[in-house]
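Structure first, commentary second.
The values are calculated or read from the model by the stated rules, or taken from the named source; none is laboratory data. Quantities reported herein were computed from a predicted structural model and do not represent experimental measurements. In this analysis, Cβ positions are derived from the backbone assuming ideal geometry, glycine residues included, and neighbour counts consider all displayed protein chains.
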Amino acid sequence: MKLHSRNWLSISSLLPIFASAIHLHVNADIVIAQVAPMTNPIVAEGKEINLGIRIAIDAANARQDIPGQKIILRTEDDQLDPEKTVALIRKLAKSDTLALLNVIGSPTMAKILQERVLEAEKIPLIGVIPGSEALRKPMNPYVFHVRASDSEQYRRLIRNALTIGLNRIAVVYLDTPPVKAGVQTVDHLLKEASLTTVAQIAIPINGDKLHAEAIKSLKTANPNLILLALPGQIAGEVVNAYRSQGMHAQITSLSYGNAEAICQGASAEAARGVSIAQILPSIRNTAIPLVRQFNEDFQRFSAQNSKPNNMQFEGYVSARVLIEGIKRINGAPSREKLIRALNSMQNINLGGFPIDYSPSKHHGSEYVEIGVLTNGCTMLY
């Protein structure tokens, strides 16, 4: 049967439109999003992590890591309000957003898990801060943790303390269920050494007026090590208040008491000597390819006169993990394909930083080191 010439002309005239539609589908932007506190001073890390994510994305787009496609970042400020976080995630999930990055805050992540938001919306999340076991068990098929868990950090900090003879340990922690559950890890580790904490002091998330009571309790307990499980700003305020009373016990912190925020809440002199668990290599160790790439990308894509820090590096690494997953997708990206791709990332060397996922394992890294704040609030490790 021959095609009528008029019909052929009609069909042929539509071919460019069809081709354009196919091209737009294949080469559409890849949209990812971060929902985190951007304006709440208690959790100042949101902006820093967001900057690290943007640097990783800008660098990936410049290198054309995803040939023919551009990665776009949407940023939503949840103001550290779990209800708002849930609403924003539901809104983003109804759009073309492929995945989420770096949710911040124990109450926020607990709310997401309790309401099974990610399961309902079928959208993956890469990177959660903090790394409480209560936010990791049971494993959620839509959540891919990047950083080492709080338990791994507690274990490293406690073992280091006991090795150097610090055995009168007080814990000052944020009064939220996930963080409180993490303190039980300290109890377990000390019990193995036939020890107990000399004090456990809870601080409400907006409880700055209660710092004086915490300091009074620490003075009574007379520890030789104070372990902080607090956001950086609050941790810095506690450090400052404690040192201002002329007390000199060693102070150590989990990684989310990050150096920059502690130094904003405390003077450089008060912060000197504070040790902090680090869940990523030092940004000064450019012998590690991932660190060297971060510094090069930071110089190229960050604002002038800005300085790199560890929180930016965490956002950068989380974004690099996500981008590596996207690169492993065959065909047009989808959330389902991305989850399969991430699950296939077993024993991946991300430029000298190992990441290991599988369908039954969603905590990517176990890296923990200990850094110390030196003169001028410089972190060394």
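Tabulated results
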read-out	value
Complete set of residues in region 337-379 that are touching a Gly at 6+ places or on another chain (Cβ under 8 Å), free of Cβ contacts under 8 Å to residues at least 40 places away in the same chain and either among the charged types (D, E, K, R) or within 19 Å of Gly236 (Cβ to Cβ) (or both)	Lys337, Asp356
Among (1) modelled with pLDDT of 95 or more; (2) more than 16 Å from the chain's Cα centre (by Cα), the one test that Tyr381 misses	(1)
Lys337 vs. criteria charged (D, E, K, R), under 24 Å from Asp150 (Cα atoms) and either surrounded by 14 or more Cβ atoms within 10 Å (Cβ to Cβ) or not assigned by TED's automatic domain parsing to the domain that holds Ile262 (or both)	no
Members of region 36-51 that are more than 15 Å from Val103 (Cβ to Cβ) and modelled with pLDDT of 95 or more	Leu51
Single residue of Tyr256, Tyr242 found to be within 27 Å of Val128 (Cα to Cα) and aromatic (Phe, Trp, Tyr)	Tyr256
Filtered residues of region 140-162 (kept if aliphatic (A, V, I, L, M), buried (at least 20 other Cβ atoms within 10 Å of the Cβ) and in a helix (DSSP H, G or I))	Leu157, Ile158, Ala161
Test: residue in region 135-151 that is under 21 Å from Phe353 (Cα atoms) and among the hydroxyl-bearing types (Ser, Thr, Tyr)	yes
Qualifying position, being buried (at least 23 other Cβ atoms within 10 Å of the Cβ), small (Gly, Ala, Ser) and not in a strand (DSSP E or B), among Gly165, Gly131, Gly127	Gly131
Selected residue (criterion: nearest to Ile326 (Cα to Cα)) from residues of region 64-96 that are of a type outside the set (D, E, K, R) and part of a loop (DSSP other than H, G, I, E, B)	Ile66
Given (1) exposed (fewer than 15 other Cβ atoms within 10 Å of the Cβ); (2) not in a helix (DSSP H, G or I), number of the condition His188 does not satisfy	(2)
Subset of region 156-199 that is modelled with pLDDT of 95 or more and of a type in the set (Asp, Glu) - its residue that is farthest from Thr108 (Cα to Cα)	Glu192
Considering residues of region 115-135 that are touching a residue at least 60 places away in the same chain (Cβ under 8 Å) and closer than 28 Å to Leu225 by Cα only, the residue nearest to the chain's Cα centre (by Cα)	Ile129
Candidates Ser302, Ser306, Ser318, filtered to the one that is in the same structural domain as Thr97 (by TED's automatic domain parsing), surrounded by fewer than 16 Cβ atoms within 10 Å (Cβ to Cβ) and hydroxyl-bearing (Ser, Thr, Tyr)	Ser306
Residue match in region 344-360 (condition: outside any loop (DSSP other than H, G, I, E, B) and of a type in the set (S, T, N, Q))	yes
